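Taken together, the values in this text are just the output of simple stated rules run on the coordinates, not laboratory data. The structure displayed is predicted, hence computed values, not measured ones. Because the Cβ atoms are built from the backbone with ideal geometry, glycine has one as well, and the counts that use them run over all protein chains shown.
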Amino acid sequence: MIKIRFANVRIWAYFKVKSSLGKNQQVTEKLVIREVKKSEYVALGELMFEVYSELDGFPTPEEQPEYYEMLLNIGSLNEEKDAKVLVAVAAEKGLLGGIVYIGDMTRYGSGGTATQERNASGIRLLCVDPGSQGMGVGKTLTRACIKLARDKGHDQVILHTTQAMQVAWHLYQKMGFERSAELDFSQNDFPIFGFRLRLPGV
């Protein structure tokens, strides 16, 4: 069961994170989803840089230095209008991941036609610490963004991913996102693939 509530500008999600210690041994932790703190900007940027730079088949920092500079400064997006940078934090493990929610698609910052979408929210730059994958961190961060979109009255959520990000690709499909080829574009000849989630009843 996941419970998300608002407290001032923070978003909280509670569920149990299980980390394996050995055969038949597990420790259960509480995961918190909230907006990034300024004191976490550097750590989140370094985590983003590490995760994306180690993806097989993804452009390297040498190939796209401006992209990686943006990753290192990802926390500052939380200070921009209609944007929220959310992080997943566990008491003992610390920062486990992050994601960017965009409430105004004109500020989405991608190529292609996504910035022309109306009544839509955007999700960008999902990142999960490699040691915490498989614990539901990415899914919970994504769900928090979907809730923000619903609360804003939007009827769809837009995101992009690449073939180098197969874990995220399959996660989005399992959560109901569908491929939207009209949102595809290329960044320095590197193909980027669009996905769309319809939010019925909004």
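With a point put 7 Å past each Cα toward its Cβ, work out how far residue 179 is from residue 166 in nm, to one decimal.
Result for the modelled spin labels: 1.5 nm.
Explain nothing, just the number: dipole magnitude of the stretch 52-122 about its Cα centre with +1 on each Lys and Arg Cβ and -1 on each Asp and Glu Cβ, in debye rounded to the nearest 20.
Details: 5 positive and 12 negative charges, 84 e Å.
I would put it at about 400 debye.
Under a Cβ-only charge scheme (Lys and Arg +1, Asp and Glu -1), can you give me the dipole magnitude of the stretch 33-198 about the Cα centre, in debye to the nearest 20? Can you show the working numbers first?
Values: 18 positive and 23 negative charges, 203 e Å.
Using Cβ point charges on Lys, Arg, Asp and Glu, the stretch 33-198 gives about 980 debye.
For the residues 110, 76, what sequence is obtained by ranking on other C-beta atoms within 10 Å, fewest first?
In increasing order of surrounding Cβ atoms, one gets 76, 110.
Working from the pairwise distances between different alpha carbons, so that the mean of 1/r is found and then inverted, what is the stretch 49-124's Kirkwood radius in Å?
It works out to 14.0 Å.
Considering only Cα-Cα distances, which of the following residue pairs are longer than 27 Å: 93/152; 81/139; 37/152?
Working: 93/152 32 Å; 81/139 25 Å; 37/152 23 Å.
Where the Cα-Cα span goes over 27 Å, the pairs concerned are 93/152.
For each of 158, 192, count neighbouring Cβ atoms within 10 Å of the residue's Cβ, then give the residues from fewest to most. Please report the intermediate quantities before stating the final value.
Numbers: 158 26, 192 17.
Listed from fewest to most nearby Cβ atoms, that is 192, 158.
How big is the equivalent ellipsoid of the chain along its three axes, where each semi-axis is √(5λ) from the Cα gyration tensor, reported in whole Å from largest to smallest?
25, 21, 17
Kindly put 85, 137, 32 in sequence by how many other C-beta atoms sit within 10 Å of each C-beta, fewest to most.
32, 85, 137
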